[in-house]
Amino acid sequence: QEAICQILFPKMSGKNVLLIQAHPESNRSMNARLAKEAESLLTGNGFTVRLIDLYDIKFDAVGGKNDFKTLDNPDCFDYQKEQKIASENGTFSDDLQEQIDLVKWADILYFQFPFYWFSIPAILKGWIDRVMAYHVFYGGGKSLEGKKWFCSTTTGAPEDKYAEGGWWT
């Protein structure tokens, strides 16, 4: 197990890992088992891990006016402009600010999710859209530089469906 950690995250022991799990069967799915195993493996090898299950926390994947405590212009909503203002004034909603703070804390963002229709689940897409806010993690000289991203995915079809002559070839 230590060898796996060194292959995936060489010379990174002691770093903070935000493990984001996005599967509706939070306790019974393969994704849930993989997330728990990753948490155990990483913790056992000197990493500090925070596991967030987007379904368990009932994460709202739809960005909008509720992402902010105040609005610059309630009559003409401009999401990116409001993100910039909230980043300057600390006026993100409490639930969104909590997620932003976790990303700031993390050295490694570890995503565990099923592969749906050649993409990520909508709840995870919404998490990225809302949390990776303008002027917090990009724009205005901000970036995610120095953070590592790791994705672990599952598919709902057996291996032969992805092989030559399978459904997807």
How much accessible area does I120 have with a 1.4 Å probe, in Å² rounded to the nearest 10? 50
Amide H contacts of H23 (H built 1.01 Å from N, under 5 Å, at least 5 apart or other chain): L54, Y55
Can you compute 3J(HN,Hα) from phi for each residue in region 146-157, using the Karplus curve 6.51 cos²θ - 1.76 cosθ + 1.60 with θ = phi - 60°, rounded to whole Hz and x for Gly and Pro? x, 8, 9, 10, 9, 10, 10, 10, 10, 10, x, 10
For T155, list long-range residues whose amide hydrogen, built 1.01 Å from N in the peptide plane, is under 5 Å from its own amide hydrogen. F115
Measure up K15/K36; K84/K104; K58/K81 against 20 Å on the Cα-Cα distance and list the ones that go over. K58/K81
Taking K and R as +1 and D and E as -1, what net charge do the other residues with C-beta under 12 Å from the C-beta of Y134 add up to? -1
Reachable aspartates and glutamates from K161, criterion Cα separation under 20 angstrom, eight or more residues apart if same chain: none
What shape does region 5-86 have by the C-alpha gyration tensor, where a ≥ b ≥ c are the square roots of the eigenvalues, rounded means a/c under 1.5, and otherwise prolate means a/b greater than b/c and oblate the rest? oblate
Can you list the HN-Hα couplings for region 85-92, worked out from phi with the Karplus curve (6.51, -1.76, 1.60; θ = phi - 60°), rounded to whole Hz and with x for Gly and Pro? 5, 5, 5, 7, 10, x, 10, 5
By the scheme Lys and Arg +1, Asp and Glu -1, what is the net charge of all other residues having a beta-carbon under 15 Å from that of N31? -2
Can you check what the Kirkwood hydrodynamic radius comes to for region 39-169, Cα pairs only, in Å to one decimal? 16.9
Rolling a 1.4 Å sphere over the protein heavy atoms, what is the accessible area per residue of the chain, to the nearest Å²? 58
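Is there a quick way to get the dipole size of the chain? I mean about its Cα centre, with the Cβ of Lys and Arg at +1 and of Asp and Glu at -1; what is the value in debye to the nearest 20?
Dipole about the Cα centre, nearest 20: 320 debye.
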Karplus ³J(HN,Hα) for region 30-41 (6.51 cos²θ - 1.76 cosθ + 1.60, θ = phi - 60°; Hz, whole; x = Gly/Pro) runs 4, 4, 4, 5, 5, 5, 5, 5, 5, 4, 5, 4
Rounded, prolate or oblate: pick one for region 78-144, where a ≥ b ≥ c are the square roots of the eigenvalues of its C-alpha gyration tensor, a/c under 1.5 means rounded, and failing that, prolate if a/b is larger than b/c, else oblate. prolate
Protein-only accessible surface order, largest first, of W149, W117 at 1.4 Å: W117, W149
Report, in whole Å, the centroid distance computed from the Cα atoms of region 33-57 and region 87-142. 18
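The values are calculated or read from the model by the stated rules, or taken from the named source; none is laboratory data. Quick caveat, the model's predicted, so the values are computed rather than measured. Cβ atoms come from the backbone with ideal geometry, glycine included; neighbour counts cover every protein chain shown. The accessibility values were calculated without ligands, DNA or RNA, using every heavy atom of the protein model including side chains. Shrake-Rupley method; radii C 1.70, N 1.55, O 1.52, S 1.80 Å.
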